[in-house]
Number of protein chains: 2
Amino acid sequence: MKIEKEIKQDKFHSEYQKLAINILFTSNWLNSTTTKTLKPFGISSQQYNVLRILKGQSPNSISVNNIMERMIDKMSNTSRLVEKLRQKELIERVICEKDRRQVDVKITKKGIELLEKVKTEMNSFNLLTETISEKEAKIINKLLDKMRG
Amino acid sequence: MKIEKEIKQDKFHSEYQKLAINILFTSNWLNSTTTKTLKPFGISSQQYNVLRILKGQSPNSISVNNIMERMIDKMSNTSRLVEKLRQKELIERVICEKDRRQVDVKITKKGIELLEKVKTEMNSFNLLTETISEKEAKIINKLLDKMRG
DNA sequence: TAACATTTAATGTATGTACATATATTTTAA
DNA sequence: TTAAAATATATGTACATACATTAAATGTTA
């Protein structure tokens with residue numbers, strides 16, 4: 001649906017302003033779908049992002065700082081997020097012996113199993129395949145990368 | 001910069017998954033720029049969005065529900081956001097006489113003046129003009145609209 | 001018209017988030 | 001070698017947000 005209709009605004013100052021608004025709106029749209037899907041599993045979309053990052057490194061562990069660099073939404077309090085996941089026993093935290101400032105984080109078996117279960121219900125990406133082609137997806141990806149400079 | 005480098009992930013499950021992540025990442029990127037610009041003015045990006053909506057209707061007033069429908073991020077507690085703006089005297093609230101459930105909201109002179117001041121510093125849209133062409137912006141807008149179905 | 005449903009906005013509560021600051025450890029350089 | 005700087009993570013605080021619930025006014029219908 002046209003962004004004009006989605007937010008009931010019939011004209012924009014420029015095509016660039018419209019683009020910024022369109023990206024923000026589409027991001028919220030995607031995020032709310034994901035949040036709803038994750039709700040029954042008891043994790044937020046940010047926690048899901050961290051779990052996926054850790055699964056990508058598994059069976060190795062990575063530092064909190066390293067997690068932050070890989071997050072979609074680079075936030076200042078990754079440690080609190082990690083602590084929440086630890087309380088749910090989805091990850092493990094060990095103080096690094098080589099550098100005692102660092103904390104090594106690793107996904108647990110329980111964490112991997114949760115991701116497996118989520119996977120089957122995670123249809124926000126599949127949703128996109130019904131409306132645009134892979135070629136079109138590639139075009140947007142290329143232009144967004146260019147846009148950020 | 002390529003999204004792969006931005007979040008240190010060298011490959012994605014599909015072009016569609018990459019797209020979803022790219023949109024979320026770009027949205028955060030845009031939002032953090034806007035937030036930083038607005039900080040000295042003492043308003044959040046959501047409050048800025050509401051002010052702009054009200055300016056678009058000025059000198060008429062619209063209901064809280066109507067504001068919500070026009071917001072980029074349709075949140076459930078628009079009334080609290082409106083109350084924050086009222087405390088800063090940037091908007092006015094009057095209970096509608098025709099339908100006493102409804103609250104009519106209108107931007108004040110002070111609110112409009114704030115928007116004028118913000119305008120000169122609001123360069124997040126201008127930022128985009130340096131990296132992509134108007135034609136390219138149009139392409140992304142069209143595809144994002146198509147994507148959401 | 002009385003009872004029930006719907007609409008509009010506000011609020012309670014728990015959790016999330018940003019930002020500044022603190023603490024511990026390691027690195028650098030005088 | 002020791003003081004200062006840098007790094008990695010954690011925490012305090014104020015504010016934001018999601019979601020469910022409440023409250024008041026209006027609409028609908030038996």
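Applying the condition of being surrounded by 14 or more Cβ atoms within 10 Å (Cβ to Cβ) and either within 20 Å of B:Q9 (Cα to Cα) or within 15 Å of the chain's Cα centre (by Cα) (or both) to segment A:73-83 and asking which residue is nearest to the other protein chains (Cβ to nearest Cβ) yields A:D73. For segment A:75-115, the set of residues classified as within 12 Å of DNA strand D (Cβ to nearest atom) and assigned to a loop (DSSP other than H, G, I, E, B) consists of A:M75, A:S76, A:N77, A:C96, A:K98, A:D99, A:R100, A:R101, A:Q102, listed by residue number. Counting the residues of segment A:84-97 that are within 11 Å of DNA strand C (Cβ to nearest atom) and surrounded by 14 or more Cβ atoms within 10 Å (Cβ to Cβ) gives 3.
With the structure loaded, tell me whether B:E134 is more than 16 Å from DNA strand D (Cβ to nearest atom) and either of a type in the set (A, V, I, L, M, F, W, C) or more than 26 Å from B:S44 (Cα to Cα) (or both) or whether it fails that test. Please lay out each step first, then the result.
Numbers: more than 16 Å from DNA strand D (Cβ to nearest atom): yes; either of a type in the set (A, V, I, L, M, F, W, C) or more than 26 Å from B:S44 (Cα to Cα) (or both): yes.
Answer is yes for this residue.
Could you list, in sequence order, all residues of segment A:48-72 that are in contact (Cβ under 8 Å) with a residue 60 or more places away in the chain and either more than 16 Å from the chain's Cα centre (by Cα) or in a loop (DSSP other than H, G, I, E, B) (or both)? Step through it out loud before you land on a result.
First pass over segment A:48-72, keeping only residues in contact (Cβ under 8 Å) with a residue 60 or more places away in the chain: A:48, A:51-52, A:55.
The answer is none; no residue qualifies.
When segment B:31-47 is filtered for residues that are within 11 Å of DNA strand D (Cβ to nearest atom) and either β-branched (V, I, T) or under 13 Å from the mean Cα position of the chain (by Cα) (or both), the ones remaining, listed by number, are B:N31, B:T35, B:L38, B:I43, B:S44, B:S45, B:Q46, B:Q47.
Would you be able to say whether some residue in segment A:122-129 is assigned to a loop (DSSP other than H, G, I, E, B) and either more than 14 Å from chain B (Cβ to nearest Cβ) or farther than 28 Å from B:T26 by Cα (or both)?
As a first pass, look at segment A:122-129 and keep what is assigned to a loop (DSSP other than H, G, I, E, B): A:122-123.
Remaining after also requiring either more than 14 Å from chain B (Cβ to nearest Cβ) or farther than 28 Å from B:T26 by Cα (or both): none.
Scanning segment A:122-129 turns up no residue that is assigned to a loop (DSSP other than H, G, I, E, B) and either more than 14 Å from chain B (Cβ to nearest Cβ) or farther than 28 Å from B:T26 by Cα (or both).
Of everything in segment B:36-64 that is within 11 Å of DNA strand C (Cβ to nearest atom) and within 12 Å of chain A (Cβ to nearest Cβ), the residue that is nearest to A:I7 (Cα to Cα) is B:I62.
Can you name every residue in segment A:3-17 that is part of a helix (DSSP H, G or I) and touching a Lys or Arg at 6+ places or on another chain (Cβ under 9 Å)?
The first filter runs over segment A:3-17 and keeps only residues part of a helix (DSSP H, G or I), leaving A:3-6, A:15-17.
Within segment A:3-17, A:I3, A:E4, A:E6, A:E15 qualify.
Applying the criterion of being of a type in the set (D, E) and free of Cβ contacts under 8 Å to residues at least 60 places away in the same chain to the residues of segment A:116-146, the residue that is surrounded by the fewest Cβ atoms within 10 Å (Cβ to Cβ) is A:E130.
A short reminder: the numbers here are calculations on the coordinates, not readings from a lab. Keep in mind that this is a model prediction, so the values were computed, not measured. Here the Cβ is made from the backbone with ideal geometry for all residues, glycine too, and neighbour counts use every protein chain on show.
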